Amino acid sequence: MRTAADDIRWKFPNWSPLLVITHVVLFKFRAEHAGEIATSQRMLGSLHGQVPQIRSLSVGSNILPSERAYDLCLIATFDSLEDLARYRAHPEHQSVATQVDRYCQSTVSVDY
């Protein structure tokens with residue numbers, strides 16, 4: 001069975017498993033849910049102690065509002081693509097993501 005890690009290795013043959021995997025997610029909250037930003041920040045931050053695959057985690061809210069700005073950012077690092085996949089499948093991550101997503105009008109991510 002082909003995995004996400006296999007897909008990455010196929011698309012990026014020079015990728016090295018010695019590199020740290022960085023996962024970045026930006027959240028734009030709906031105006032009526034702006035009051036949930038701080039609570040969401042705490043919930044996302046709590047994942048560090050609950051999901052063992054997370055190497056490091058930083059969650060912060062935007063301090064310079066603008067039309068194109070997002071409200072909240074999560075940056076997590078992992079030792080491998082497999083650890084990132086385990087994090088994404090972890091029940092606690094699934095629960096928090098579902099709760100936070102219901103407040104958002106847009107969520108974007110990048111992994112490198």
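Does Arg30 meet the test of being over 20 Å from Ala89 (Cα atoms) and at pLDDT 95 or above? Criteria met by Arg30. Every listed requirement among (1) closer than 23 Å to Arg102 by Cβ; (2) in contact with a helix residue (DSSP H, G or I) (Cβ under 9 Å, 6 or more places away or on another chain); (3) free of Cβ contacts under 8 Å to residues at least 24 places away in the same chain is met by Asp71 save one, (3).
The values are calculated or read from the model by the stated rules, or taken from the named source; none is laboratory data. Treat the numbers as computed from the prediction; the structure is a model and nothing was measured. Every residue, glycine as well, gets a Cβ built from its backbone with ideal geometry; the counts of neighbours run over all protein chains shown.
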